[in-house]
Amino acid sequence: MPLRTLYVDLNSFFASVEQQLNPALRGKPVAVVPMITDTTSVIAASYPAKRFGIKTGTRVGDARRMCPGLILVCGGHGKYIEFHHRVVEAAATVLPVQSVHSIDEFSCRLLGVEREPARAAALAREMKRAIASRVGECLTCSIGIAGNRLLAKMASDMQKPDGLVVLEGDGPPSALRGLTLRDISGVGPKMERRLNRAGVYTMEHLLSLDEGRMREAWGSVVGAWYWRALRGEEVGERATVRRSIGHQHVLSPERRTPERARAVLVRLLDKAAARARHVGCWARRLTVSIRYTRDKPDGATAREGWRASDWSASATFPECHDTTTLVQEMARLWEARPQGGTILMVGVTLSDLSNGLGSTRPLFDDAQRRERLARAVDRINEVAGRAAIYPASMHEARTSAPARIAFSNIPDLDMPHVKESAARDDARARDRNGGGNGGAR
Ligand SMILES: [Mg+2]
């Protein structure tokens, strides 16, 4: 079984960020809460607090009784998002980050020689060092390495904090045998009851079933998916509702200034975000695309070497669909665009969509306010039948594209970033294997 996935899970992420920012909290029992009252619940606990049995979901009143010295810290979404970006950037200095799964979990695809167990483990250790030195020593993580994302995620849960577990070999890894059915990601209380009704109570028993019996136990083909996934096979990710939501717009000649182009981008993004909220999707990736005309000499033609050029850049982040946050992400990408040239066309795409079932819903005041704001704007615009309320930054562009557009079929941008293919994987593998010089990175 080739090792294809490296999965990173930050340890007690919110509490670790607080400890990084405030050295007085380090080594102490800390609980991050949405507000300081006994009636709310703990969102994250530091490891010293966990030793008192405090975990996510423990009511604050109970947590105080379990650990009288407990330090409560009121959490803030903004700083966790900022640390999330810094951690992902630090990790990406070691391996490209393939997918962000939540604010504190992401995964990388291993290619070529990176799949050798010793090499994969060395990369994991290098990533831990990169995060500690670039972001902060309190940001520790548990890393799992296995044949696919399901097993790698389970491996990342096996050793905490600061763990590193490699699951190799053929067939179900023996390390799984000590786990419970609920330790399988995707098996919740409902599925556990269903498996119990099929007579399956232990992981050992589950792993002894053949593929057909797994399907029966699950009551669907998903059982067969798990049969293969638990054996480290390369299985497709379970499908999301749709692939992407994107809009693009060609600027009329008088709008080809950076200010106007930016306003149009905000407008396109506002539309895409509203659409995502409407269909109940959450995005984990935003791509901004720009088509430039190089300054075309009068009368020049393509044959004479004049061509438009395309640029695009993506940001990944935890599941999100509120306009305010997405506009901030867009602004970071926009600042990094190539300068010079005239902007002919702009586009935005929201992708890595999910239905929000596994999502971290907004926990903190500021994130909840953004969500409520987005919903309120949606309702007003629904009643008004047009974009009655919109971000100030798109004011310049409010009439540049129709307020209502058909979302039913979503065109892919005719731009290079969309073409994700095995060919690119191969090219990256060659690249990352160092072209035969021992893989120096
Ligand atoms: Mg975590």
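Grab the Cα-Cα distance for Ser314 and Arg129, subtract it from 0.36 nm times how many residues apart they are, and report the gain in nm with one decimal.
Between Ser314 and Arg129, full extension yields 64.1 nm more.
Consider a paramagnetic label point 7 Å from the Cα of Asp162 along Cα→Cβ; state which residues of the stretch 115-153 have an amide N under 16 Å from it.
Output list for this probe position: 124-143.
Would you check the accessible area of Lys50, probe 1.4 Å, heavy atoms only, in square angstrom rounded to 10?
80 Å²
Short version: ³J(HN,Hα) in whole Hz for each residue of the stretch 9-20, in order, from phi by Karplus 6.51 cos²θ - 1.76 cosθ + 1.60 (θ = phi - 60°), x for Gly and Pro, what are they?
Per-residue couplings from phi come out as 10, 5, 7, 6, 3, 4, 5, 5, 4, 4, 5, 5 Hz.
If r is the Cβ-Cβ distance from Arg51 to Ala392 and R0 is 56 Å, what FRET efficiency results, to the nearest 0.05?
It comes to 0.70.
Given Cα positions, please report Rg to Rh for the stretch 174-229, the hydrodynamic radius being the Kirkwood one.
Rg/Rh: 0.91.
Give me the percent of accessible area attributable to carbon and sulfur for the stretch 9-143, probe 1.4 angstrom.
53 percent
Take the solvent-accessible surface of the protein heavy atoms, probe 1.4 Å, and return the percent of it on the stretch 174-229 that carbon and sulfur atoms account for.
That share works out to 49 percent.
Where does the charge balance sit around Ser102 when Lys and Arg score +1, Asp and Glu -1, over other residues with C-beta under 10 Å from its C-beta?
Local net charge: -3.
Output the relative contact order of the stretch 9-143, whole-number percent, from Cα pairs under 8 angstrom with separation of 6+ residues.
27 percent
Past the 25 angstrom mark, what percentage of all C-alpha to C-alpha distances in the stretch 9-143 do you count?
32 percent
With every protein chain left in place, what is the accessible area per residue of the stretch 1-51 in square angstrom, probe 1.4 Å?
Result: 34 Å² per residue.
What is the sum of charges around Gly219, taking Lys and Arg as +1, Asp and Glu as -1, for the other residues whose C-beta is under 14 Å from the C-beta of Gly219?
Taking every Cβ under 14 Å from that of Gly219, the sum is +4.
Using 0.36 nm per residue, how much length does the chain from Arg59 to Ser208 gain when fully extended, once their Cα-Cα distance is taken away?
Taking Arg59 through Ser208 to full extension adds about 49.7 nm, to one decimal.
Per residue, how big is the convex hull around the C-alpha atoms of the stretch 71-128? Give it to me in cubic angstrom, could you?
Looking at the stretch 71-128, the number lands at 99 Å³ per residue.
The values are calculated or read from the model by the stated rules, or taken from the named source; none is laboratory data. All values reported here derive from a predicted model rather than from experimental measurement. Reconstructed Cβ throughout: ideal geometry from the backbone, glycine too, with neighbour counts over all protein chains shown. Calculation scope for accessible area: heavy atoms of the full protein, side chains included, ligands and nucleic acids excluded. Shrake-Rupley method; radii C 1.70, N 1.55, O 1.52, S 1.80 Å.
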